[in-house]
Every structure is written in C-alpha cells, then in structure tokens.
Amino acid sequence: MKLERISVKIGLEKPVKLLHVTDTHLDFADARDDEKKRALAGRMGHPDKESVFDEQIAFARASCDLLVHTGDLIDFVSVPNVEKARALLKDEKIFFIAGNHDYSQYVGEAWEDNAYRMNSYMKMGYGFGVPMFWNTRAVGGVNVIGIDNSYYQFEDWHLWRLKREAEKGLPMVLAFHDPIFEKSLYEEHMRRQPGGCTYLVGCDEEHLLPYDEFRAVQQRPTDATMRVIDYIKSEPLIKVILTGHLHFPFVSNLTDSLLQIVSGGGFCGDATEVTLV
Ligand SMILES: [Fe+2]
C-alpha cells in the first residue's frame, strides 16, 4: 500500500480518521460471462489488486474510523466482479459511492448517461446491493456524503439533498468519483497527458477548447452541475472533498476553506489517510 497522509483542521473536539481509497478496478470474469467480458478480464494489470484492497481494509479496521471508497470498485460488470463487490460492501467499515466503471458493461461500448446507469444497475439486480447514487454516514461528528457524479454532472436533486444535509449542522465531507475543475489540477492533468481531456466536472468553455468533440460534449457542464458546484463552494459546512477517477494523487484548494483530495489508483495500492481534527 502506498499511503499518503494528510491532516485537515475542521474544528473537531476528537479527531476522525478516514482512509480514502478509489479506483480499485477489480477485473475478473469467468465461464458465466460472455466471451467479450472474458476478453476484458485482467485488462488493468496488477493481478494482486484484490489483496491490495484487503490490505487497505485491514489498515482501516486497525486505525481508521471509516474507509471511504469513491468508486470504480470494479472495472466492468461481470458475475464475479459483482459478487465480489457485494461481499466486500457488506462490511460496515466501508462507505461507498459509485464511479463510472461500476456500471460499465463492456468499457466504453456505449454513450453513458442516466439511462445507461439505470439499465446496468437493474441488470445487476439492484447494483451492488448498497446505495450507489447517494449515500450518507455520520461518523465521529462528521457527515460523510457520497454523490454519484460519475458521468461528469451533478443534478438538481443533489442540491436539494445537500441543503437538507447542511441543516444537520455537522461539518461535511463530500465523496464523489469525478473531481471538480480547479486550475492547478487541470494543468497537472494536461502536463501528464498533453492534448487529452482532464475529466474534471464544471470545466468552462475556455478550458474545454483543447478537448476533442466527443469529450467536450461529454464533459461540458449543465446548468444544474454549475448550480451544485456553486453551492459546494459557498457552503461553509463543506470542509473536504474526497475524489478519484484520475489515477494520480493531487491535493488542492477549491476555495480558501475547501480542500479537494484526489487519491491515486487503488488498484496499484494508493490510498490517503485523512485525519480530520
Ligand atoms: Fe473512473
């Protein structure tokens, strides 16, 4: 496990420790799956990623209050991947919110939107059997809120629910798969993958310019997405965002008082211990 450690002052009387893990990408398939899925098995490399996740769970159990997983637990929907996800997520120590691959049938074979997400969720027989679109958990006086933004958008119902959560008056940690646009993160992504797209939510037209047409359409924010981002940046109870999807670690501020932590790929052992004090 490659552990990053970060401490964030949010005014707690007693510290709360979260282990942030993201993008585990379990990529198994077996004789119960079709040939196309079997061809995807092992696609991500790192054959020991299941034991890496076991190690992360053991670490969280020994020294953290909660393991927060921000999606892409599986790489694609297959019988063994869904079985493993369901078994793992029965663990009360794990808080989960879905990423794009958690609904992915064949990885990039179709336009992914709400209809695709729901079809896939129902095909799995109600997904992983735990909340996948929205999740909340109070731990040590902190309200952890998971939002599925895995297709680069927020929706108005997210805003409504976030406001209801803020009424509880607890400091809030948001957990979602795709990071929010922030200039230094955008530049770091472009440095790592020149000429690509950055997969950041809420990217403005100027920064969408280098994207190809498909990625610009996919990642151009809706008005609802921008309303949710504006709210997230303006609600003082929201202290920290935990996010992933990019497979490299990066920490930056969205506002003077709001930190966004991107953890690296869980499949190769990356995790972040976040101590809230
Ligand atoms: Fe992802």
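Summary of computed values
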item	result
All positions within the stretch 238-271 that are assigned to a strand (DSSP E or B), surrounded by fewer than 23 Cβ atoms within 10 Å (Cβ to Cβ) and not hydrophobic (A, V, I, L, M, F, W, C)	Lys239, Ser252, Asn253, Thr255, Gln260
Failed item, numbered, when Glu50 is tested on (1) under 19 Å from Pro131 (Cα atoms); (2) free of Cβ contacts under 8 Å to residues at least 40 places away in the same chain; (3) touching a strand residue (DSSP E or B) at 6+ places or on another chain (Cβ under 8 Å)	(1)
Which numbered condition Thr70 fails, given (1) more than 17 Å from Arg137 (Cα to Cα); (2) surrounded by 12 or more Cβ atoms within 10 Å (Cβ to Cβ); (3) of a type outside the set (A, V, I, L, M)	(1)
Answer residue from the stretch 62-118, given it is within 12 Å of the ligand (Cβ to nearest atom) and part of a helix (DSSP H, G or I) and is farthest from the chain's Cα centre (by Cα) among those	Tyr103
Pair list, Cβ < 7 Å and 6+ apart or interchain, from the stretch 18-29 residues that are under 13 Å from Ala85 (Cα atoms) to residues that are outside any loop (DSSP other than H, G, I, E, B) and aromatic (Phe, Trp, Tyr)	Asp23/Phe267; Thr24/Phe53; Thr24/Phe267; His25/Phe267
Residue within the stretch 215-227 that is over 28 Å from Leu12 (Cβ atoms), surrounded by fewer than 19 Cβ atoms within 10 Å (Cβ to Cβ) and in contact with a Cys (Cβ under 6 Å, 6 or more places away or on another chain) present	yes
Top-ranked residue in the stretch 172-214 [being exposed (fewer than 13 other Cβ atoms within 10 Å of the Cβ) and acidic (Asp, Glu); ranked as nearest to Gln153 (Cα to Cα)]	Asp204
Filtered residues of the stretch 73-104 (kept if touching a residue at least 40 places away in the same chain (Cβ under 8 Å) and among the polar types (S, T, N, Q))	Ser78, Asn81, Asn100
Some residue of the stretch 182-198 being within 23 Å of Val16 (Cα to Cα), modelled with pLDDT of 95 or more and either part of a loop (DSSP other than H, G, I, E, B) or in contact with a helix residue (DSSP H, G or I) (Cβ under 7 Å, 6 or more places away or on another chain) (or both)	no
Residue within the stretch 145-168 that is within 16 Å of the ligand (Cβ to nearest atom), more than 17 Å from Gly99 (Cα to Cα) and among the aliphatic types (A, V, I, L, M) present	no
Long-range neighbours under 8 Å by Cβ, at least six apart or interchain, first residue within 16 Å of the ligand (Cβ to nearest atom) within the stretch 234-258, second of a type in the set (Asp, Glu) and assigned to a strand (DSSP E or B)	Pro249/Glu4; Pro249/Asp270
Residue among Arg191, Arg215 that is away from the ligand (no atom under 16 Å from the Cβ), farther than 30 Å from Glu167 by Cβ and without any contact (Cβ under 8 Å) to a residue 60 or more places away in the chain	Arg191
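The values are calculated or read from the model by the stated rules, or taken from the named source; none is laboratory data. Here the structure is a predicted model, which means the values were calculated and not measured. Don't worry about glycine lacking a Cβ; one is built from the backbone with ideal geometry, like all the others, and counts go over all protein chains shown.
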